[in-house]
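Below: the structure, in structure tokens.
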Amino acid sequence: MYTFDYQRPASTAAAAAAFQGETRYLAGGQSLVQAMKLRLSSSERLVDLGGIAELKGITVEPGKVTIGAMTTHAAVANSAEVRKALPALAELTGGIGDPAVRNMGTIGGSIANADPAACYPAAVLGLGATVITNQRQIPGDGFFTGLYETALKPGELITAVSFPVPQRAAYIKYKQPASRFALVGVFVAQTAGGVRVAVTGAAGSVFRCQPIEAALAKSFTPEAAKAVKVSADGLNADLHASAAYRAAMISVMASRAVVAALAR
């Protein structure tokens, strides 16, 4: 690990002020710290957000669930309010990593990192969430821009994520056994604005699958989702799965997600 300056501010304003030069915000540290240990990432300064109380917490209102950026996965998964208002989100967070990751990892850190196989991005895109920062509000559809890339500007700090409550929703992933990241994960939501289907793990960034959305808009059934033949163009191919396999699994996982959504 390279040397760096470390700061732990007590407020969002102080954190933003500390962001100067080659600086990185440190959330749960489940990705950044590991990359730094392997010398795959370096920064002159780390600004630890762990001491900022205003970035933590869950607010459930009619039609909306808002989660503070430094709220851990475990806190979301164990929240009775979230399980009642938006069970698909609670179940998604309960399946992230292992207990150590869930008790340290945060929603803000996860979506800012934008790992192509992370689970939370599928919920942001699948539910049409709004990412709230210290500067603006970013619609979920425009937040993820590429491989480990987002719409965040240098120094911009995520403060919360607001999820609209859908009519029904579910997330199913086919996970890599060791890492528990998604080889293919699909979040399906039936909302007032239509059906949304977000896919993670299959490409360089989370994306919406319009062919399955169109099929489910006509018939919200597992059969309709499974019948869609997703193109393998642009999908990931690695030692875990080919692009063609991932394409086939998108339809399968979407079908299972519909089954789970209809069972609520």
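Among the residues making up the range 8-32, those that are surrounded by 15 or more Cβ atoms within 10 Å (Cβ to Cβ) and not small (Gly, Ala, Ser) are Arg8, Pro9, Thr12, Phe19, Thr23, Arg24, Tyr25, Leu26, Gln30, Leu32. Within the range 165-188, the set of residues being in contact with a strand residue (DSSP E or B) (Cβ under 6 Å, 6 or more places away or on another chain) and over 13 Å from Leu92 (Cα atoms) comprises Pro166, Gln167, Arg168, Gln176, Leu183, Val184. Going by what's in this entry, would Ser79 be described as surrounded by fewer than 16 Cβ atoms within 10 Å (Cβ to Cβ), assigned by TED's automatic domain parsing to the domain that holds Asn134, out of contact with any His (no Cβ under 7 Å at 6 or more places or on another chain) and at pLDDT 95 or above? In short, no. Asp98 meets each of the listed conditions (1) in contact with a helix residue (DSSP H, G or I) (Cβ under 8 Å, 6 or more places away or on another chain); (2) of a type outside the set (Gly, Ala, Ser); (3) modelled with pLDDT under 95 apart from (1).
Against the definition (at pLDDT 95 or above, polar (S, T, N, Q) and assigned to a strand (DSSP E or B)), how does Ser255 come out, yes or no? Here the answer is no, as Ser255 does not meet what is asked.
Among the residues of the range 165-174, count how many are closer than 23 Å to Leu235 by Cβ and either among the aromatic types (Phe, Trp, Tyr) or surrounded by fewer than 19 Cβ atoms within 10 Å (Cβ to Cβ) (or both).
2
Among the residues making up the range 112-164, those that are of a type outside the set (D, E, K, R), surrounded by 19 or more Cβ atoms within 10 Å (Cβ to Cβ) and assigned to a loop (DSSP other than H, G, I, E, B) are Ala114, Pro116, Ala117, Ala118, Cys119, Gly128, Ala129, Phe143, Leu152, Leu157. On the stretch given as the range 222-239, residues that are in a loop (DSSP other than H, G, I, E, B) and surrounded by 16 or more Cβ atoms within 10 Å (Cβ to Cβ) total 5. Taking into account only those residues within the range 101-111 that are surrounded by fewer than 24 Cβ atoms within 10 Å (Cβ to Cβ) and touching a strand residue (DSSP E or B) at 6+ places or on another chain (Cβ under 7 Å), which is nearest to Arg208 (Cα to Cα)? The extreme case among them is Arg102. Within the range 96-124, the residues that satisfy the criterion of being within 18 Å of Ile158 (Cα to Cα) and over 8 Å from the mean Cα position of the chain (by Cα) are Met104, Gly105, Thr106, Gly108, Gly109, Ala112, Asn113, Asp115.
The values are calculated or read from the model by the stated rules, or taken from the named source; none is laboratory data. These numbers were taken from a predicted model, which means no experiment stands behind them. Because the Cβ atoms are built from the backbone with ideal geometry, glycine has one as well, and the counts that use them run over all protein chains shown.
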